[in-house]
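Right, one structure below, let's go through it.
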Number of protein chains: 2
Amino acid sequence: MFNRILVPFDGSVGGEQALIKAVELAKVTGAEIQVLTVYRHHSMLEASFSMVRASDPGNMDDAMRSHAREVAEHAKKLAKEHGAETVRAFVKTGQPARTIVRFANEHECDLIVLGARGMGSVEGYLLGSVSHKVTGLSRVPVLVV
Amino acid sequence: MFNRILVPFDGSVGGEQALIKAVELAKVTGAEIQVLTVYRHHSMLEASFSMVRASDPGNMDDAMRSHAREVAEHAKKLAKEHGAETVRAFVKTGQPARTIVRFANEHECDLIVLGARGMGSVEGYLLGSVSHKVTGLSRVPVLVV
């Protein structure tokens, strides 16, 4: 029923829970898993407030991309450990929700699985803003874990 | 991986799509399906604007409940037609999102599947308000179809 499951992954606990649920679904449906880590290009102003300290400001984007790659590879390893057969990891830059939905369309994913929180949300009642936007924008089913 | 899937159902096209997806999931996981139709007690003011015309205002709630029961039974029939093994249909009154989440907890459902639209939402970008609230309130995974 699912052939290709997209798991947007930001390294949060919620993201890991979503990934593990996605692997369970992949195992019962035979789907492959595509992990996507989205990073935003930080302006210098944003960079001055972020935890990333680049000695060379020109390498800021490289540092962000490199970190995103590590996060995506961690997810791939985790998925494999949980028994996923086929896992591919991708990194993209852009506005998170739109980038995720565009990726799902371009890669013909038929399910998106993501954490309810993480990815810039607040604790408690409100659904994470990225989760909410993806669920609203996506034309394929979205499983919020 | 899922034992009991809750499908809140309001009779909308989105609700039917969600139900069919839930049946597919039930078939690969062996889960049972519980359909829930939630109706709201209409005040007389609301009733005067609704499509339901009760000759006896005192029977307003009965009429709402009866209609909800028909909607839930329709969903049960549809699920069976799509090959679901075990389907039970329920009717509750209350605030939709909170009633759905409370039901899922009380019945130990481990997945909620619902339509992105329908249940009082607007077309387009925004996720249906009920779908959004359920996804935010629920402690179990929510699949928005």
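The values are calculated or read from the model by the stated rules, or taken from the named source; none is laboratory data. Source: prediction; values computed, not measured. Don't worry about glycine lacking a Cβ; one is built from the backbone with ideal geometry, like all the others, and counts go over all protein chains shown. These accessible areas exclude ligands, DNA and RNA; they are computed on the full protein's heavy atoms, side chains included. Shrake-Rupley method; radii C 1.70, N 1.55, O 1.52, S 1.80 Å.
Conditions (1) within 30 Å of residue B:112 (Cβ to Cβ); (2) modelled with pLDDT of 95 or more; (3) surrounded by fewer than 21 Cβ atoms within 10 Å (Cβ to Cβ); (4) in contact with a Phe, Trp or Tyr (Cβ under 8 Å, 6 or more places away or on another chain), marked per residue:
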{"residue": "A:47", "(1), (2), (3), (4)": "no, no, yes, no"}
{"residue": "A:73", "(1), (2), (3), (4)": "no, yes, yes, no"}
{"residue": "A:87", "(1), (2), (3), (4)": "yes, yes, no, no"}
{"residue": "A:103", "(1), (2), (3), (4)": "yes, yes, yes, yes"}
{"residue": "A:118", "(1), (2), (3), (4)": "yes, no, no, no"}
{"residue": "A:125", "(1), (2), (3), (4)": "yes, no, yes, no"}
{"residue": "A:143", "(1), (2), (3), (4)": "yes, yes, no, no"}
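Look through segment B:89-100, keep the residues that are part of a helix (DSSP H, G or I) and open to solvent by 20 Å² or more (accessible area, probe 1.4 Å), and return whichever of them is nearest to residue B:137 (Cα to Cα).
Applying the filter and picking the extreme gives B:98.
Would you say residue A:54 is outside any helix (DSSP H, G or I), touching a Lys or Arg at 6+ places or on another chain (Cβ under 9 Å) and either at pLDDT 95 or above or at negative phi (or both)?
no
Do you know which residues across segment B:26-36 are assigned to a helix (DSSP H, G or I) and surrounded by 23 or more Cβ atoms within 10 Å (Cβ to Cβ)?
Answer for segment B:26-36, where residues must be assigned to a helix (DSSP H, G or I) and surrounded by 23 or more Cβ atoms within 10 Å (Cβ to Cβ): just B:26.
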